[in-house]
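Structure first, then comments.
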Amino acid sequence: MTMITKRARKSAARLSFSGPLSGLFFVLMVVFILGPLAWLGIRAFAESWTFPNLGPDGWTLRWWSVVLGDETLGRAVQNSLALAALTVLVSACICLPAAYAFARYEFWGRRTFLIGLFALNAFPKMGLYVTIASLFYALNLMGTVMGVLIVHVLGTVVFMTWIPAAAFAAVPRSLEEAARDAGATKLRVFISVTFPLALPGILVAAVMSFLASFDEAQGTYLIGAPDIMTMPTQMYTLVLNYPNQVAAVFSILLAIPSVALLLAAHKHIVGGTLAEGFQIK
Amino acid sequence: MTLIEKIHSTTPTHRETDAGGSRGLRVRGLHKVLGGRTIIDNLDLTVQDGELVSLLGPSGCGKTTTLRMIAGFLAPDAGSIQVHDREVSALGAEKRPSAMVFQNYALWPHMTVVKNVGFPLKLRRLGKKEIEQRVDAVLALVNLLHHKHSRPARISGGEQQRVALARALVQEPELLLLDEPLSNLDAKLRVKVREDIREIQQRLGITTLIVTHDQEEAMSMSDRIAVMNAGKIEQFSRPAELYSRPETEFVATFIGSLNRIEGSLVNGAVVPGDDVIGIRPEDVVFTLHASFDARPAVVERVVPHGHFHEIYLKRDDATLRAFASGLPPAPGDRGHAAIQNALTFRQGRLVTTGGVAL
Ligand SMILES: Nc1ncnc2c1ncn2[C@@H]1O[C@H](COP(=O)(O)OP(=O)(O)OP(=O)(O)O)[C@@H](O)[C@H]1O
Ligand SMILES: [Mg+2]
């Protein structure tokens, strides 16, 4: 698409979204989404900021040096990144084949299993983790990478199954049949047609799983602490021992990988094949 | 002769006709039950080498099902499918010598036009150079070289259709299958594309089976038409014969327009009986003056159809529809209507045509 048509489309979208009600809606959106972020950003550099004052009393980088100077933090960052990547990988290996099966085959217990996946998330997390912990004691998995990994993977199963299943199901069968007709084996059809067309959905699932793992604190703390500390669990310690500006700094640090990942995926998901692919039946 | 040579040759490829030629496609005893219902019922069909045959029938009669079994997407319960005297019914779709054009074109949206058309050749592990040459040749054939690097979503429906055709042709299939290839195009384009398809098919001499429910489409492009009804082939003949000599009452009503009257025709008049007579509207002639074997008639309704009018005539023995060109009569006009030709069916099968017993 050329820039001109893109711009034309954008302005058309803007025109159709005018009116006082949608204007108000837009302002509310900005306040609710950007407001807390701005507050966080200011707070991370504030000397102190107490209730009646409209702004902070002074500016400082002290909180950043506290956080960045903490030698356990480096380890926590490494742990978090490695664990999130590993979680996505393991989760993909387990869940993507399942997602494909859900999308393409009719089998006994299919519905029950799909709903069961949701039920897994409906349980209060802490209760689930406590149960898992007692099981892990018996299996000697407490405080091990394996134990933490299992907890993280469990937390991503829903994303990694439901979203890719929908993506696989949305690939029109005739596109796969056309590939077979052209002479492709079943495996080749999957590699050349089904997978690339489902890729945007799979990427979304991968990003969400990565973020879920990156954010996971309760289970990680219960199973991993004190041997395996990630950024969120490290945050408990930091926040308990320092003023709450440190929490703001830490939040921003925690958000960096998420934002980076979303920006990287954005191009693929919004501008890439997905948008084009669905214009064709 | 390779595809490229065929594309560049100007004379139509020699085509054997009728029984003498080798068989492009031979289907015997094809049977399929789906959801507890017999969808295809012991179907036989033979397409000569280089022939274009249309599978024509009402919605739900099993045309797509038949085509999908021939293409290899659906396993028949029984029956044999031979392409150039080679049994293919045990082979998967990827191993069959046929190529299919899908109703919705089924172009891969994540590949450009060249990639789409080149994919079948890439699977055959041909060299880069050869793939490029063959893709270019076939894109030139369908007049799409200028859209080589476009994504399918960026080109028009007619162009997408041609890409789909190119993707099938580039495989140099022994048998070309098309499922309602024109149904997603507008009326004008449909006429043009069907002529293009016919022209290319003639040029390449490729054995072709087209599924359609549009009789005009089938009539205008086919060497022969197989009229299908409820999982069976009712009649398999040349288009003209299908119209003038429909073997069954179903074919007679399905193809073209027909006055269907219960009874039989005696000296130009309808008399009650167990048979069914079918009269084409163009065989009903309305005149203001009395003539031999015409009977008095009143014009009840006149429906304009552009270049001709459809006239509803009431005679004392029957109500008839007639076609008239030129200045039409007005409702209420009195005159005489004669039946010049009629088909008589007994138990659904043709027994006489004109006044000649079979
Ligand atoms: N998987 C299936 N299970 C049960 N019935 C089926 C199945 N597939 C097709 N049918 C039935 O088989 C019949 C023939 O279907 P088919 O698609 O071959 O019709 P068609 O002649 O191509 O019709 P159309 O012109 O509407 O495309 C229909 O009545 C359809 O409902
Ligand atoms: Mg059909």
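The values are calculated or read from the model by the stated rules, or taken from the named source; none is laboratory data. Worth saying up front: this structure is predicted, and the values here are computed from it rather than measured. Cβ atoms come from the backbone with ideal geometry, glycine included; neighbour counts cover every protein chain shown.
Consider the stretch B:195-224 and keep the residues that are closer than 14 Å to B:GLU51 by Cβ and within 16 Å of ligand 2 (Cβ to nearest atom). The one that is modelled with the lowest pLDDT is B:ALA218. Whether any residue in the stretch B:141-162 is facing chain A (nearest Cβ under 10 Å), more than 24 Å from B:LEU67 (Cβ to Cβ), hydrophobic (A, V, I, L, M, F, W, C) and more than 23 Å from the chain's Cα centre (by Cα) is what I want to check. The answer is yes; a qualifying residue exists. Against the list (1) within 19 Å of B:GLN201 (Cβ to Cβ); (2) touching a Leu at 6+ places or on another chain (Cβ under 8 Å); (3) more than 14 Å from chain A (Cβ to nearest Cβ); (4) among the small types (Gly, Ala, Ser), the condition B:GLY50 fails is (2).
Filter the stretch B:66-78 down to the residues that are near ligand 1 (Cβ under 10 Å from one of its atoms) and within 14 Å of chain A (Cβ to nearest Cβ) and list them by number.
Taking the stretch B:66-78 and keeping what is near ligand 1 (Cβ under 10 Å from one of its atoms), we get B:66-69, B:74.
B:LEU67, B:ARG68, B:MET69, B:LEU74 - these are the residues of the stretch B:66-78 that are near ligand 1 (Cβ under 10 Å from one of its atoms) and within 14 Å of chain A (Cβ to nearest Cβ).
None of B:ALA106, B:ALA93, B:ALA99 is within 16 Å of ligand 2 (Cβ to nearest atom), within 14 Å of chain A (Cβ to nearest Cβ) and within 27 Å of the chain's Cα centre (by Cα) except B:ALA106.
Of the candidates B:LYS63, B:LYS32, B:LYS95, the single residue that is exposed (fewer than 14 other Cβ atoms within 10 Å of the Cβ) and either within 16 Å of ligand 1 (Cβ to nearest atom) or modelled with pLDDT under 95 (or both) is B:LYS95. Filtering the stretch B:138-182 to residues that are part of a strand (DSSP E or B) and either away from ligand 2 (no atom under 16 Å from the Cβ) or not assigned by the TED database to the domain that holds B:ASP85 (or both) leaves B:LEU175, B:LEU176. When restricted to residues that are at positive phi and touching a residue at least 24 places away in the same chain (Cβ under 8 Å), the stretch B:319-334 contains 1.
Kindly indicate the residue of the stretch B:35-60 that is within 12 Å of ligand 1 (Cβ to nearest atom) and among the charged types (D, E, K, R) and also nearest to B:VAL101 (Cα to Cα) among those meeting that condition. Residue satisfying both the conditions and the ranking: B:ASP41. Annotation: B:SER257 fulfils all but one of (1) in a strand (DSSP E or B); (2) within 30 Å of B:ILE233 (Cα to Cα); the unmet one is (1). A:ALA167 falls short on exactly one of the conditions (1) touching a helix residue (DSSP H, G or I) at 6+ places or on another chain (Cβ under 6 Å); (2) more than 14 Å from chain B (Cβ to nearest Cβ); (3) closer than 21 Å to A:LEU89 by Cβ, and that condition is (2).
Candidates B:LEU55, B:LEU43: the one that is assigned to a strand (DSSP E or B), farther than 24 Å from B:LEU165 by Cβ, within 16 Å of ligand 2 (Cβ to nearest atom) and not charged (D, E, K, R) is B:LEU43. Taken over the stretch A:168-191, the criterion of being surrounded by fewer than 21 Cβ atoms within 10 Å (Cβ to Cβ), part of a helix (DSSP H, G or I) and of a type outside the set (Val, Ile, Thr) is satisfied by A:ALA169, A:ALA170, A:ARG173, A:SER174, A:GLU177, A:LYS186, A:LEU187, A:ARG188, A:PHE190. Of all residues in the stretch A:111-166, those satisfying the criterion of being small (Gly, Ala, Ser) and either within 21 Å of A:THR230 (Cβ to Cβ) or buried (at least 19 other Cβ atoms within 10 Å of the Cβ) (or both) are A:ALA133, A:GLY143, A:GLY147, A:GLY155, A:ALA165. May I ask you to verify whether B:THR253 is of a type in the set (S, T, N, Q), touching a residue at least 40 places away in the same chain (Cβ under 8 Å) and out of contact with any Leu (no Cβ under 6 Å at 6 or more places or on another chain)? The answer is no for B:THR253.
Across the stretch B:220-250, the qualifying residues are those that are part of a helix (DSSP H, G or I) and surrounded by 18 or more Cβ atoms within 10 Å (Cβ to Cβ), and the one among them that is nearest to ligand 1 (Cβ to nearest atom) is B:PHE250.
Kindly establish whether B:ILE81 is under 23 Å from the mean Cα position of the chain (by Cα), in contact (Cβ under 8 Å) with a residue 12 or more places away in the chain, more than 10 Å from chain A (Cβ to nearest Cβ) and part of a strand (DSSP E or B). Criteria met by B:ILE81. In the stretch B:173-188, the residues that are more than 11 Å from chain A (Cβ to nearest Cβ) reach residues that are hydroxyl-bearing (Ser, Thr, Tyr) and within 13 Å of ligand 1 (Cβ to nearest atom) with C-beta atoms within less than 6 angstrom, at least six apart or across chains, in these pairs: B:GLU180/B:THR212.
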